[in-house]
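The values are calculated or read from the model by the stated rules, or taken from the named source; none is laboratory data. Nothing here was measured: the structure is a model prediction, and the numbers come from that model. Cβ placement follows ideal geometry from the backbone for every residue including glycine, while neighbour counts extend to all protein chains displayed.
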């Protein structure tokens, strides 16, 4: 019986982790691209910005690669500027990890009275972002609505058949461990 339940958990882990949407149209949203990952996050964020934003909203991206001269930072900035997003609409929030990204982001959103946000991240990362924002930072308590949209990582991740790809299995269990770790680290200590 234990083996059966273990198999079910393994089978449905992709559904648990991936709560993201593929696309959304909502003109009142500010776009936030979480750091890490690949260029596809920024590209998806740009696509959503022009599809959803009234274009008077900010485009926020987070992460720890903002050192002047960092190739990844320069690449992100270049992509954003080439896309036509105005320089004064591009907001960079520096943070070392997901916990700090969400902490700094909430402070920024409250300060700027932003109530609706599209978060662009890897699909398997969306559950952890949701747990941290709902449980630890209580975004809902401040009437901030977060919508999770996946960057297009279909080459590796598929919530229906993640278990058929070794990289996806590693990714899924890494996220599961990080959820437990984050809850222990930030709620108990």
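Per-structure values
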quantity	calculated
Hey, residue 78 more than 15 Å from the chain's Cα centre (by Cα) and in a helix (DSSP H, G or I) or not	yes
Members of region 122-164 that are free of Cβ contacts under 8 Å to residues at least 24 places away in the same chain and closer than 16 Å to residue 108 by Cα	138, 140, 141
Failed criterion for residue 96 (all others in (1) out of contact with any strand residue (DSSP E or B) (no Cβ under 8 Å at 6 or more places or on another chain); (2) modelled with pLDDT of 80 or more; (3) outside any helix (DSSP H, G or I); (4) under 20 Å from residue 23 (Cα atoms) hold)	(4)
Whichever residue in region 132-157 is under 20 Å from residue 12 (Cα atoms) and surrounded by fewer than 17 Cβ atoms within 10 Å (Cβ to Cβ) and, among such residues, is modelled with the lowest pLDDT	154
Test: residue in region 167-178 that is farther than 25 Å from residue 52 by Cα, modelled with pLDDT under 90 and either in contact with a strand residue (DSSP E or B) (Cβ under 9 Å, 6 or more places away or on another chain) or surrounded by fewer than 20 Cβ atoms within 10 Å (Cβ to Cβ) (or both)	no
Extreme residue, farthest from the chain's Cα centre (by Cα), among residues of region 34-54 that are part of a helix (DSSP H, G or I) and either free of Cβ contacts under 8 Å to residues at least 24 places away in the same chain or closer than 18 Å to residue 132 by Cβ (or both)	47
Selection status of residue 31, within 17 Å of the chain's Cα centre (by Cα), part of a loop (DSSP other than H, G, I, E, B), under 26 Å from residue 61 (Cα atoms) and at pLDDT 90 or above	no
Selected residue (criterion: nearest to the chain's Cα centre (by Cα)) from residues of region 18-27 that are in a loop (DSSP other than H, G, I, E, B) and at pLDDT 85 or above	20
Tally, over region 107-119, of residues that are surrounded by fewer than 19 Cβ atoms within 10 Å (Cβ to Cβ) and not in a loop (DSSP other than H, G, I, E, B)	5
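The rows are residues; the columns are (1) assigned to a loop (DSSP other than H, G, I, E, B); (2) in contact with a strand residue (DSSP E or B) (Cβ under 9 Å, 6 or more places away or on another chain); (3) over 23 Å from residue 182 (Cβ atoms); (4) at pLDDT below 90.
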| site | (1), (2), (3), (4) |
| --- | --- |
| 7 | no, no, yes, yes |
| 16 | no, no, no, no |
| 57 | yes, yes, yes, yes |
| 68 | yes, no, yes, yes |
| 101 | no, yes, no, no |
| 104 | no, yes, no, no |
